[in-house]
Amino acid sequence: MTDATTPTMRQKYMRIKTVFLMGYAALLALFIFWNISRPSGFNITILLIQCVPLLAFLPGILQNHYRTYSWVCFIILFYFVKAVEGAFASTANFTDGIFIGLTVYLFVCAMMASRWAQRMLYQD
């Protein structure tokens, strides 16, 4: 049973997509900040290695393909492993903690977006 205050599947999906894209942008901004603040200076090659795997999925996300979110979950797991490795290194700093938080946040958002996008597709 649903009442007038229960959000529809489309509303849930649009909310989680917005929240996901905010976290996505925050992770990309963290990569840019990390590259700018490196002691050895800015390195475009490292920035591209960090950002291109995430940016490859942006068209599918913007087109509301639920499978794209599932693939993003798999890719985020690699970032999570790197974040945990960095957080436990002797040279860890605050960005490593933020990196872990953002990867967990994006993983959960991508899972929910995938689920709700699929349900939305089959309810229509």
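Over the chain, what is the relative contact order in percent, taking alpha-carbon pairs closer than 8 angstrom and at least six residues apart?
38
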message: Heavy atoms only, 1.4 Å probe, whole protein assembly: order F33, F57 by accessible area, highest first.
response: F33, F57
- prompt: Taking a probe of 1.4 angstrom, what is the accessible area of I36 in Å², to the nearest 10?
  reply: 110
message: Quick check for me: using +1 on Lys/Arg Cβ and -1 on Asp/Glu Cβ, what's the dipole size of the chain about its Cα centre, in debye to the nearest 20?
response: 240
message: Order Y66, Y13 by their accessible area, 1.4 angstrom probe, all chains in place, largest first.
response: Y66, Y13
- prompt: Semi-axes of the chain's equivalent ellipsoid from the Cα gyration tensor, sqrt of 5 times each eigenvalue, largest first, rounded to whole Å?
  reply: 32, 15, 12
query: Ignoring ligands, DNA and RNA, what percent of the accessible area of segment 6-98 is carbon or sulfur (1.4 Å)?
result: 72
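Accessible area per residue of the chain at 1.4 Å probe, in Å²?
For the chain, the per-residue accessible area is 63 Å².
The values are calculated or read from the model by the stated rules, or taken from the named source; none is laboratory data. These figures come from a predicted structure and were not determined experimentally. Ideal geometry is used to build each Cβ from the backbone, glycine not excepted, and the neighbour counts take in all protein chains shown. Surface accessibility is based on the protein's heavy atoms, side chains included, excluding ligands, DNA and RNA. Shrake-Rupley method; radii C 1.70, N 1.55, O 1.52, S 1.80 Å.
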